[in-house]
Amino acid sequence: RDEVRSINKKKMSRRRKLKKHFLTVLLAVVVLCVGVVLVFSLFFKVNTITVGGDKVYSDKMVVEKSGIAAGTNLFRINEEKISRILSKELPYIKSVALEKKLPDTLVINVEATRETAAITTSKGFVLIDETGKVLDKNASILKENVAVVENVKLKEYEEGSVVSFTDEKKTETLIKLLEAIKKSEFEFLTGID
């Protein structure tokens with residue numbers, strides 16, 4: 001009997017120790033989770049937003065169109081979404097990279113694009129970059145080194161979207177051609193037929 005009691009006491013003691021360790025670990029995990037939630041909700045809020053890179057648009061316009069407001073948590077900002085919004089709303093922006101400087105500063109780095117080709121319409125010119133993105137749909141003046149595309153009929157051409165012709169093969173061909181021209185750094189191109 002004494003042996004059985006001794007064995008039972010040891011088992012009970014082990015169970016109590018395991019229970020105590022489990023509760024300690026569980027409490028530590030809960031405290032850690034609460035700490036993380038507090039850090040991400042109370043700290044690291046955007047206080048300063050600056051714009052770097054290519055200055056195609058004013059800093060105020062870029063910040064305004066990004067939709068990022070003071071007080072937004074730095075870690076909850078979706079870079080891909082902001083890049084997509086800015087590229088659509090401000091067509092001369094090619095890409096955006098966000099730089100988070102702790103504790104409260106966000107830098108929006110902008111890479112610009114430029115017109116590579118133009119398509120004549122009744123209202124003027126539709127300017128596109130090498131990816132076929134419409135930069136301006138009512139341009140009246142062409143810059144140097146902008147090729148005029150001929151023998152195409154526009155289907156859709158909204159600023160910030162990819163141009164579309166009635167013949168889809170011509171759309172794909174033009175985009176591939178413009179990308180190849182850009183890569184080869186070919187200059188003084190005046191027309192594409």
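The values are calculated or read from the model by the stated rules, or taken from the named source; none is laboratory data. These figures come from a predicted structure and were not determined experimentally. Every residue, glycine as well, gets a Cβ built from its backbone with ideal geometry; the counts of neighbours run over all protein chains shown. Only protein heavy atoms, including side chains, enter the accessible area calculation; ligands, DNA and RNA are left aside. Shrake-Rupley method; radii C 1.70, N 1.55, O 1.52, S 1.80 Å.
Odds and ends about this structure:
- Test: residue in the range 33-49 that is within 20 Å of V107 (Cβ to Cβ) and aliphatic (A, V, I, L, M): yes
- Check on S87, surrounded by fewer than 11 Cβ atoms within 10 Å (Cβ to Cβ) and at negative phi: no
- Per-region count, the range 135-157, residues under 18 Å from A112 (Cα atoms), among the acidic types (D, E) and touching a residue at least 12 places away in the same chain (Cβ under 8 Å): 1
- If you check V126, V134 for being of a type outside the set (S, T, N, Q), farther than 21 Å from D54 by Cβ and crowded, with 18+ Cβ neighbours inside 10 Å, only one passes: V126.
- Qualifying residue in the range 43-61 (condition: open to solvent by 60 Å² or more (accessible area, probe 1.4 Å), more than 21 Å from L102 (Cα to Cα) and not in a loop (DSSP other than H, G, I, E, B)): yes
- Filtered residue count, the range 137-157, keeping only those that are surrounded by 12 or more Cβ atoms within 10 Å (Cβ to Cβ), out of contact with any Asp or Glu (no Cβ under 9 Å at 6 or more places or on another chain) and closer than 18 Å to I181 by Cα: 2
- The residue that is surrounded by the most Cβ atoms within 10 Å (Cβ to Cβ), counting only those in the range 62-71 that are free of Cβ contacts under 8 Å to residues at least 40 places away in the same chain and not hydrophobic (A, V, I, L, M, F, W, C), is K65.
- Candidates in the range 158-193 are the residues that are β-branched (V, I, T) and either touching a Cys at 6+ places or on another chain (Cβ under 7 Å) or free of Cβ contacts under 8 Å to residues at least 60 places away in the same chain (or both); of these, the one that is most open to solvent (accessible area, probe 1.4 Å) is T190.
- Looking only at the range 7-55, residues that are at pLDDT below 80 and either of a type in the set (D, E) or in contact with a helix residue (DSSP H, G or I) (Cβ under 8 Å, 6 or more places away or on another chain) (or both) come to 1 in all.
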